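Taken together, the values in this text are just the output of simple stated rules run on the coordinates, not laboratory data. Quantities reported herein were computed from a predicted structural model and do not represent experimental measurements. FYI the Cβ positions are ideal-geometry reconstructions off the backbone, even for glycines, and counts take in every protein chain you see.
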């Protein structure tokens, strides 16, 4: 066996051991493990230490100091836990080492992305001929879709923003809800549309944009909606908003970082009525599809618009007019083949498997809410998806309970502020979470709350 093969096998075995440890270990790393990362701070060696020794150090220091985000009891952020098939597909795709740029150069991964695009559109109930760009995450998915929106609304006003820039361009009005996610705001800033220029529409008690409060539409306009509020999980009334602004020619974008996956569940589609009427959508497969990170997707109804905003050319690049070139739909030219893991999970689970995954997480969220409410704690949101907001009393008590839960390590949740109130947020998004994990976590939360309240 060659040294290269030994190294690869060693890495696989270490990764397998790490994943096996997730069920039994505490979620947060031990303080001594965190302290040990200081050992990484060595001087750049004059002579290398070798592959095997380097990999061993990475595992022996890095693995114990990691947060068990891939495990079943991490509820701190809206992130999945990478299904085994997605990890395996990721390893294989990394071994292929394909630069997913041109179809003619990398035909396999280009076709896998195109199939994944079509399957996602089918799953979400969107037109099957939509364009899709496979990007790093929800932030860049929003950025990419909004770049297409910027192109279209300015082109409708006779301005080519890619050629002429924004200096002297017609003003673009951007409308968002008061509960728009900050990554959407960041995307607007990166696009030169301004983080603070957007008109903000009032929301209801669950964070849903109030369609009747939309301002009058005049001139180039982009309306940004949200499905899956980061705190409550609530959905903006996308269909009503489209109906209100479409006659004036506004572009409607949907930030569906995790909430868009609810469209895969027939029983939830009433809450997403009119979703398919929007012009663009952004989501993140590392959330509810449970694939590794770096797997966002930007989707637009009109492929030509996304291509106009993203595509570039050069003398050394091949022009393939017969097939879809992945780089025509993303900000990057050189990038990894992100669609491979998406394809692998969708093929492995199928439509029913994705539906079951989403429904199970939502059921776990309801179980959390019921258990904590039965113990006398206040649930602040309507649990319509996978998000639960709980208050343990006043602001200081709630914060202390969150900190105690994090120290305890049975599970991990984060704090938030919801419409002026301090709360703990529980986000259930991991394929491996079971009812038993929820019950163990509820017991730990209640014990932590009791310790804090007894002082």
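How long is segment 339-455 along each principal axis, judged by its Cα atoms, biggest number first, in Å?
For segment 339-455, the Cα spread along each principal axis is 51, 28, 26 Å.
How high is the FRET efficiency from residue 46 to residue 199, r the C-beta distance, R0 56 Å, rounded to 0.05? Present the calculation step by step, with values, prior to reporting the outcome.
On the way: r = 58 Å, r/R0 = 1.04.
Once rounded, the FRET efficiency stands at 0.45.
Please give, to one decimal in nm, the separation of the simple spin-label points placed at residue 96 and residue 3, each 7 Å out from Cα toward the Cβ.
2.9 nm
With a point put 7 Å past each Cα toward its Cβ, work out how far residue 373 is from residue 333 in nm, to one decimal.
According to this spin-label approximation, the distance is 5.5 nm.
Could you tell me the center-to-center distance, by alpha carbons, between segment 5-38 and segment 255-305 in angstrom?
About 33 Å separates the Cα centre of segment 5-38 from the one of segment 255-305.
If you count, for each residue, the other Cβ atoms within 10 Å and average over each peptide, how do 208-218, 379-389, 226-236, 48-58 line up from highest to lowest? Spell out each step's value before the answer.
Numbers: 208-218: 15.8, 379-389: 23.1, 226-236: 25.6, 48-58: 12.2.
Order by mean packing, descending: 226-236, 379-389, 208-218, 48-58.
Quick check on packing: order 370-377, 248-255, 29-36, 408-415 by the mean number of other C-beta atoms within 10 Å, highest mean leading. Write out the running numbers ahead of the final one.
Details: 370-377: 15.1, 248-255: 24.5, 29-36: 13.2, 408-415: 19.6.
Result, highest mean Cβ count within 10 Å first: 248-255, 408-415, 370-377, 29-36.
Taking 0.36 nm per residue of separation and subtracting the Cα-Cα distance, what length does fully extending residue 39 through residue 118 add?
Full-extension gain reported as 23.8 nm.
State the extension gain, in nm to one decimal, for the chain segment bounded by residue 396 and residue 218, taking 0.36 nm per residue of separation less the distance between their alpha-carbons.
Using 0.36 nm per residue and subtracting the Cα-Cα distance, I get 59.5 nm.
For the residue pair residue 359 and residue 313, what label-to-label distance in nm results when each label sits 7 Å from Cα along the Cα-to-beta-carbon direction?
4.9 nm
Using just the helices of the chain, give the 222 nm mean residue ellipticity in deg cm²/dmol: DSSP H runs with n ≥ 4 each add -39,500 (n - 2.57), and the total is spread over all residues, rounded to 500.
-12500 deg cm²/dmol
Calculated FRET efficiency, residue 210 and residue 157, Cβ-Cβ r, R0 30 Å, to nearest 0.05?
Working: r = 28 Å, r/R0 = 0.94.
Calculated transfer efficiency: 0.60.
Suppose R0 equals 41 Å; then what is the FRET efficiency for residue 447 and residue 421 from their Cβ-Cβ distance, rounded to the nearest 0.05?
Details: r = 23 Å, r/R0 = 0.57.
For residue 447 and residue 421, the calculated efficiency is 0.95.
In whole angstrom, note down how far apart the Cα centers of segment 192-230 and segment 88-111 are.
So the separation of the two Cα centres works out to 38 Å.
Which of rounded, prolate or oblate describes segment 88-345 when judged by the alpha-carbon gyration tensor and an a/c cut-off of 1.5?
oblate
In what order do 329, 18 fall by count of nearby beta-carbon atoms within 10 Å, going from fewest to most?
The most exposed by this proxy come first: 18, 329.
Take 2, 327 and order them by how many other Cβ atoms sit within 10 Å, fewest up front.
Neighbour counts put them in this order, fewest first: 2, 327.
Restricting to segment 88-345, compute how many DSSP beta bridges are antiparallel as a %, nearest 5.
45 percent
May I ask you to sort 441, 280 by Cβ crowding, counting other Cβ atoms within 10 Å and putting the fewest first? If you can, show how the numbers build up before the last one.
Values: 441 26, 280 29.
Going from least to most buried by this count: 441, 280.
On the first, second and third principal axes, largest extent first, how far apart are the outermost C-alpha atoms of segment 154-300 in Å?
Largest to smallest, the principal-axis extents are 46, 36, 24 Å.
How big is the antiparallel share of DSSP beta bridges in the chain, given as a percent to the nearest 5?
Expressed as a percentage, antiparallel bridges in the chain total about 60.
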